[in-house]
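Okay, structure first, notes after.
The values are calculated or read from the model by the stated rules, or taken from the named source; none is laboratory data. Since the model is a prediction, treat every value here as computed from it, not as a measurement. Here the Cβ positions follow ideal geometry from the backbone for every residue, glycine too, while neighbour counts run over all protein chains shown.
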Amino acid sequence: MRKLSIKMRVTLWFTLLMIILVILMYWFMQFISKTLVEKDAKETLVQIVDQNMDEVELDDGEFEIDDDFVYVYNGVYSVIYKNDGTTLSGLFPSGVTTDEAFHEGEVREISVEGEKYFLYDRMVNLLGMETMWVRGVIMANSNAGITNSLLQIVLIALLFLVLCAALGGYRIAKWSFEPIEQINRAANEISDGKDLSKRIDLGEGEDEIHRLAKTFNHMFCRLETSFDGEKQFVADASHELRTPTTVILAQCDFALEYVETPEEYRESLEVIDRQAKRMSHIIGELLTVTRLDRGIEKANFENIDLSEFIVLLCEEYRNNPDQNIAFSYDIEPDIHANVDCNMINRLLVNLISNAYQYGKEDGWIRLELRQRNGTITLSVRDNGIGIAKEDQEKIWRRFYQANTSRSGNGNGSTGLGLSMVKQIAQIHGGDVLVESELGKGSTFTFTFPNDFKAAA
Ligand code: ADP
């Protein structure tokens, strides 16, 4: 049974159900018709015997059976007996003998050679004459002929109906399951050809199968985006790593071929060192982003005094004499929050480093921390070069660098920083947004709930 298709199984179950219903219906009809036929037989028997009883009479003191007495009529056989049981007149059908005692006005059931009969007696008391009896007998199913023929016709009609229902049911099941076949075909094509751009097209509709197809399409869409993202990520990562690798190889070739003095060797080694550090930095960032993505790097949430934690970090920047950009902060005290300290540190370092990197000579950076209605807002504002409108959405993508002149090879830029910031914000149940104007500066705002509980 399990090897059969669902439409075949549905059809078989449906047909079986129809057959059971037909059998029950036929049985019920037989029962009803038998009851009606027997009731009719009893009524005919009583009516004819009662009529016959009136035809036994006295005429001028003489016992007489009127001509209207019917011995055989409508399946009823009537016989007149004396009180001692001897037959006066009439005959029963062959094989039927009755030596039953007389019972006035009572229809009884007897069985003769396996057949069921009804028996009915009426007593005739004529003045001055001895008591006589009129006994009638009728076969219980004497009028069943037409009903039986009708039942047979009904049975054939019902069987024909079952056949039509089975064929129709199979067509309906096939038609109903066709969209599932389509879903199946599309899913197979996708898995065979690994073509995630394929979609299931069932046309318009809101039924369960259309909803299932929509869910599948949504899933394919997400898979496609996710695979494309992976492919893009691998391509971008290879591209980013190729640049320093090429420089290192070229520098090695150059040193081996042309360099002669220790100073020249030193210079070459310094180039190689810079590029190797850059590679190491990119690989480190790649690992972090991937770990955050895959959930390998688990957040270690703890309730800390966030204000104090950020003040300490800001102090390091404020006391940094290498920068000619003024760093200031305004931190609301006593803000406690459930956070992963390492991640928050990484997020802030990224935002502040960017503010420095894309800042202006003698510019400023300002960091603010606020809490309103259970939401913590941390913003890093600068009056740097700003970000063009069309880039503001793209800067969150991995490896995207809006301003390549500033994020050149030497300064540790990878284009991964902001995508990491976004991940950390989301891990804390919040988000990070940017407001920026080209040439005027940018504000990155990270908002999150202070009592965020990460899912286990
Ligand atoms: P990168 O390593 O290049 O800094 P990020 O992901 O941190 O990568 O930033 C992506 C891009 O967003 C940067 O290349 C830069 O163009 C832009 N950007 C980020 N922060 C700022 C900022 N404070 N001011 C102007 N541009 C910024």
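Quick notes
- Restricting attention to the stretch 417-455, the residues that are assigned to a strand (DSSP E or B), within 9 Å of the ligand (Cβ to nearest atom) and of a type in the set (Ser, Thr, Tyr) total 3.
- When we screen Gln251, Gln275 for residues that are among the polar types (S, T, N, Q) and within 30 Å of Gly229 (Cα to Cα), the only hit is Gln275.
- Evaluation of Asn324 against the conditions (1) surrounded by 12 or more Cβ atoms within 10 Å (Cβ to Cβ); (2) over 19 Å from His428 (Cβ atoms) shows that the sole unmet condition is (1).
- Which numbered condition Lys39 fails, given (1) exposed (fewer than 12 other Cβ atoms within 10 Å of the Cβ); (2) over 60 Å from the mean Cα position of the chain (by Cα): (2)
- Search result, residues across the stretch 344-369 that are among the small types (Gly, Ala, Ser), within 14 Å of Gly386 (Cβ to Cβ) and either within 9 Å of the ligand (Cβ to nearest atom) or touching a His at 6+ places or on another chain (Cβ under 8 Å) (or both): Ala355, Gly359
- Leu286 meets the conditions (1) under 30 Å from Phe254 (Cβ atoms); (2) loosely packed, with under 15 Cβ neighbours inside 10 Å in every case but one. The failed one is (2).
- Selection count where residues are at pLDDT 80 or above and surrounded by 14 or more Cβ atoms within 10 Å (Cβ to Cβ), scope the stretch 172-186: 9
- Residue check: Ala388 meets all listed conditions (1) under 14 Å from Glu435 (Cβ atoms); (2) buried (at least 17 other Cβ atoms within 10 Å of the Cβ); (3) touching a residue at least 40 places away in the same chain (Cβ under 8 Å) but one, namely (2).
- The stretch 353-380 - residue that is charged (D, E, K, R) and under 48 Å from the mean Cα position of the chain (by Cα) and, of those, surrounded by the fewest Cβ atoms within 10 Å (Cβ to Cβ): Arg372
- For Thr377, the conditions (1) away from the ligand (no atom under 16 Å from the Cβ); (2) farther than 16 Å from Glu435 by Cα; (3) outside any loop (DSSP other than H, G, I, E, B) are fulfilled apart from (2).
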